[in-house]
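> So that we are looking at the same thing, I have put the structure below in structure tokens.
The values are calculated or read from the model by the stated rules, or taken from the named source; none is laboratory data. In this text the structure is predicted, and so the values were computed from the model without any measurement. Reconstructed Cβ throughout: ideal geometry from the backbone, glycine too, with neighbour counts over all protein chains shown. With ligands, DNA and RNA removed, areas are computed over all heavy atoms of the protein, side chains included. Shrake-Rupley method; radii C 1.70, N 1.55, O 1.52, S 1.80 Å.
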Amino acid sequence: MTGRPRRAPAAPAPARPDAEGELLRALHADHAGALWAYALQLTGGDRARSEDVVQETLLRAWRRPEVLEQQDRSARSWLFTVARNIVVDEWRAAQRRPLSLPGDIPERGEPDGADAALESLLVAQALRRLSAEHRAVLLECYYRGCTAAQAAHRLGIPVGTVKSRLHYGLHALRLALQELGVVT
């Protein structure tokens, strides 16, 4: 180090003068709509890809100032050619690197019923821990599919009692299943 203070690097000069910026804006205003419609056709109706193609095409035009200065028709043909080339290049790249899938995809096995049998044993074990009244209401409503009124009629108790026992029976069943380690 020489002891002299270091100078901060100067800010880079603008890459394009205002005249080129105006030319690019004019190019966009004149050709972007038609270019997007063309790109939409090339991409099979994919709007997002079409927008990307137009953006990349205009970026390439900005990098080549001689295109900005061309006559109206030759600039449009250059833009359309570049857009087509971008789409073709994307397609070719996808062909070179296809999505690879594993050769042997395991088939889904048929359920063997072991899980259902285990669940049923655990629920039966938890139901045995409940009072007879709670167990009877749960069996009527959940296993036989009865409404509260039908269960009340079958059990010979009021509907309100069925609803109350159902509520507290479900709470007790959940606690019993937690004790068995089924529900956390």
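> Over the residues of region 83-184, compute the C-alpha Rg and express it relative to 2.2 N^0.38 Å.
Values: Rg = 27.0 Å, N = 102, 2.2 N^0.38 = 12.8 Å.
Ratio of Rg to 2.2 N^0.38 Å for region 83-184: 2.12.
> Counting only protein heavy atoms, what percent of the accessible surface of region 25-184 is carbon or sulfur at a 1.4 Å probe? Write down the numbers at each step before the final one.
On the way: 5970 of 11260 Å².
Answer for region 25-184 is 53 percent, counting heavy atoms of protein chains only.
> Once R0 is set to 35 Å, what does the formula 1/(1 + (r/R0)^6) return for the Cβ-Cβ distance between residue 94 and residue 25, expressed as a FRET efficiency to the nearest 0.05? Display every interim value, and only then the final one.
Values: r = 33 Å, r/R0 = 0.94.
Working from the Cβ atoms, E equals 0.60.
> Test of understanding: what is the full-extension gain from residue 183 to residue 139, defined as 0.36 nm times their sequence separation minus their Cα-Cα distance? Can you show the working numbers first?
Values: separation 44, 0.36 × 44 = 15.84 nm, distance 1.98 nm.
Between residue 183 and residue 139, full extension yields 13.9 nm more.
> Go through region 27-32 residue by residue and turn each phi into a ³J(HN,Hα) via Karplus (6.51, -1.76, 1.60, θ = phi - 60°); whole Hz please, and just put x for glycine and proline.
4, 5, 4, 7, 10, 4
> Length gain on complete extension for the stretch residue 59 to residue 74, per 0.36 nm per residue less the alpha carbon to alpha carbon distance? Display every interim value, and only then the final one.
Numbers: separation 15, 0.36 × 15 = 5.40 nm, distance 1.72 nm.
Residue separation times 0.36 nm, minus the Cα-Cα distance, leaves 3.7 nm.
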